[in-house]
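Q: Can you read through this structure? Questions will come right after.
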Amino acid sequence: MRTDDTMGVPQPTAETRWRCTLCGNLTRFDVTRATKAVDYVHLDLAGEPTVEEHEVVSETIESVRCRWCNAADQIELVGRPGASA
Ligand SMILES: [Zn+2]
């Protein structure tokens, strides 16, 4: 299995995990997300805001960079240990 830039970053599932195709890193990545979210902001009488609810409306992973070799979006999905892929 390999990834394609036009397809974005593949999503890991219960059975799969990311793997850097260049160096084989399985555990350390910098993930850039674009998140659209709604905060319920509750202000007290002094005007001090507190976010009481945070609802993520949509979230897209824009890029994943390997912490070991610094390769961007060179990610594939491989089976997790013990998962029947
Ligand atoms: Zn790597």
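No value in this document is a laboratory result; all are computed from the given coordinates. Only a predicted model underlies this, so the values are computations on that prediction, with no experimental measurement involved. Neighbour counts run over all protein chains shown; Cβ positions are idealised from the backbone, glycine included.
Q: Using the Cα centre of the chain as the reference point, and only Cβ charges (+1 on K/R, -1 on D/E), how large is the resulting charge dipole? Debye, rounded to the nearest 20.
A: That gives the chain a dipole magnitude of about 740 debye.
Q: Which peptide among 51-59, 28-36, 74-82 comes first, and what is the full order, when sorted by highest mean count of other Cβ atoms within 10 Å?
A: Top of the packing list down: 74-82, 28-36, 51-59.
Q: May I ask which residue of THR35, TRP68, LEU45 lies farthest towards the positive end of the charge dipole of the chain, with charges of +1 (Lys, Arg) and -1 (Asp, Glu) on Cβ and the Cα centre as origin?
A: Value: TRP68.
Q: Taking the alpha carbon gyration tensor of the chain, what are the square roots of 5 times its eigenvalues, largest first, to the nearest whole Å?
A: Equivalent-ellipsoid dimensions as semi-axes: 35, 15, 12 Å.
Q: Under a 5 Å amide H to amide H cut-off, with H placed in plane at 1.01 Å, what residues pair with ALA71 once short-range neighbours are removed?
A: Residues meeting the amide H criterion: CYS66.
Q: For region 49-62, just list the computed ³J(HN,Hα) in residue order, Karplus coefficients 6.51, -1.76 and 1.60, θ = phi - 60°, integers in Hz, with x standing in for Gly and Pro.
A: Karplus values, whole Hz, x for Gly and Pro: x, 10, 7, 9, 9, 9, 10, 7, 7, 8, 9, 10, 7, 8.
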